[in-house]
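The next block holds one structure in the form of structure tokens; read it before the comments.
The values are calculated or read from the model by the stated rules, or taken from the named source; none is laboratory data. These numbers come from a predicted model, not from an experiment. Cβ: placed from backbone, ideal geometry, glycine included. Neighbour counts: every protein chain shown. Areas reflect the complete protein model, heavy atoms only, side chains present, ligands, DNA and RNA absent. Shrake-Rupley method; radii C 1.70, N 1.55, O 1.52, S 1.80 Å.
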Amino acid sequence: MGGPGTPASKSARRSAVTSSKTATAPKAPKAPKAPKIPKGESHLALVRRARRINRELAEVYPYAHPELDFRNPFELLVATVLSAQTTDLRVNQTTPALFAAYPTPEDMAAANPEEMEELIRPTGFFRAKTKSLLGLSAALRDDFGGEVPGRLEDLVKLPGVGRKTANVVLGNAFGVPGITVDTHFGRLVRRWKWTDEEDPVKVEAVIADIFPKSEWTMLSHRVIFHGRRICHARKPACGACPIAPLCPSYGEGETDPEKAAKLLKYEMGGYPGQRLSPPPDFPGKPAPALGAV
Ligand code: SF4
């Protein structure tokens, strides 16, 4: 059986990472072996398998990180609100002009709505997003002294801010562990049979029970990275998936290694992922320039 340390899985991992960076089809890769996961898996076995998947993902994506550009909690909060129904790359292309025009909550709260709509139009749903940004900026100005609060219960009271956005901000701007149950995270944990819950709040509770708090933020990044790069919603690239031996849904997508490798075309920004202005301590190395993949 091809465990994660076997040549088969290492080869799959290598081909997955290489392909996601260069989109070059690997040479005659071997298909990952189908998993052998017992139907009546005990909770303990599930926890062990889940943690092993997390360790595997940590090897595959050592540079997993939030893919939105931000320099402070306010920018991350705004960027996360804008990221609904669009790509992080699109948000990163949009926010420099937005933050130049409105660098603080006070500036943003006083913005002309039509002007803000024009600035954020490329992210879609720009009228609703403008309303949210004006509302949350005003709330920050009036209720929190112009600062983004570092507590979940305060964040979720802000207009347009749900648990997902709050956890992104807590985990990445405040260092408070948080599980981000976005569309990728929910889809993958259900494919892995960690849970069959659909409600993000329930999913979050189940995952919180499987992993120690110290893993929550990075686990979220890794799972989302995997969902964006390999375990796609419509056509997962199972044949190029480094955790196939641990996945009960292996075969839901393309299992032919060469065809699967062609599905890996995610890296779109100037760095691994979609960041265009990463901070100086950014862990990734430059990836192919935009348009090169
Ligand atoms: S469904 Fe396929 S691509 Fe997704 S984790 Fe399982 S084996 Fe990998």
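Worth a mention:
- Residue-normalised accessible area of segment 73-173, expressed per residue, 1.4 Å probe, Å²: 43 Å²
- Of the solvent-accessible surface of segment 73-173, computed with a 1.4 Å probe over protein heavy atoms with every protein chain present, carbon and sulfur atoms account for 51 percent.
- Gained length - Arg71 relative to Arg234, 0.36 nm times residue gap less alpha-carbon distance: 55.3 nm
- Derived scalar couplings ³J(HN,Hα) [segment 195-211; Karplus, 6.51 cos²θ - 1.76 cosθ + 1.60; whole Hz; x for Gly, Pro]: 7, 10, 5, 9, 6, x, 5, 5, 4, 4, 5, 5, 5, 4, 7, 8, 10
- Pairwise centroid distance, computed over Cα atoms, of segment 135-173 with segment 67-103, Å: 15 Å
- Cut-off 13 Å (backbone N to label point 7 Å along Cα→Cβ of Arg52), residues of segment 223-248: 243-248
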